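So the structure is just underneath, and the comments pick up after that.
No lab work stands behind these numbers, since they all come straight from the coordinates. Values in this document were obtained by computation on a predicted structure and should not be read as measured data. Methodologically, a virtual Cβ is constructed for each residue, glycine included, from the backbone with ideal geometry; neighbour enumeration extends over all protein chains shown.
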Amino acid sequence: MTSSDYRSLAGYRHQRRNDITGQPVVVYDATAQGMDASDGRWMIVCEGHSELVVTDTLALARSAAREPQEWCSQCQDVSA
Ligand SMILES: [Zn+2]
């Protein structure tokens, strides 16, 4: 997908390039996707590896998007 495709997805909020994979890390609003947000409203997805993490605040989501190796096991393997 191109970056404009991610922007058209439900709940899309933010994205940045993952320096490890060269593919996007995308922040979504879980409530806009009709998902259970009890574990955290903001969903950060490593699109290159299809791993995700959730946070309670958008600020935390943005910082998590900068550091995919902190939560994506496959980014950890690549950067190790
Ligand atoms: Zn990853």
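Values computed for the structure shown
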| read-out | value |
| --- | --- |
| Subset tally (residues that are buried (at least 19 other Cβ atoms within 10 Å of the Cβ) and either farther than 11 Å from Trp71 by Cβ or among the hydroxyl-bearing types (Ser, Thr, Tyr) (or both)) for the stretch 32-47 | 3 |
| Filtered residues of the stretch 46-79 (kept if within 9 Å of the ligand (Cβ to nearest atom), on the phi < 0 side of the Ramachandran plot and not in a helix (DSSP H, G or I)) | Cys46, Glu47, Gly48, His49, Glu51, Trp71, Cys72 |
| Conditions (1) in contact with a helix residue (DSSP H, G or I) (Cβ under 9 Å, 6 or more places away or on another chain); (2) closer than 18 Å to Gly22 by Cβ; (3) not small (Gly, Ala, Ser); number of the one not met by Arg66 | (1) |
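For every residue, the table says whether it meets (1) within 12 Å of the ligand (Cβ to nearest atom); (2) acidic (Asp, Glu); (3) outside any loop (DSSP other than H, G, I, E, B).
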position: Asp5; (1), (2), (3): no, yes, yes
position: His14; (1), (2), (3): no, no, yes
position: Ile20; (1), (2), (3): yes, no, no
position: Val27; (1), (2), (3): no, no, yes
position: Ala37; (1), (2), (3): no, no, no
position: Gly40; (1), (2), (3): no, no, no
position: Met43; (1), (2), (3): no, no, yes
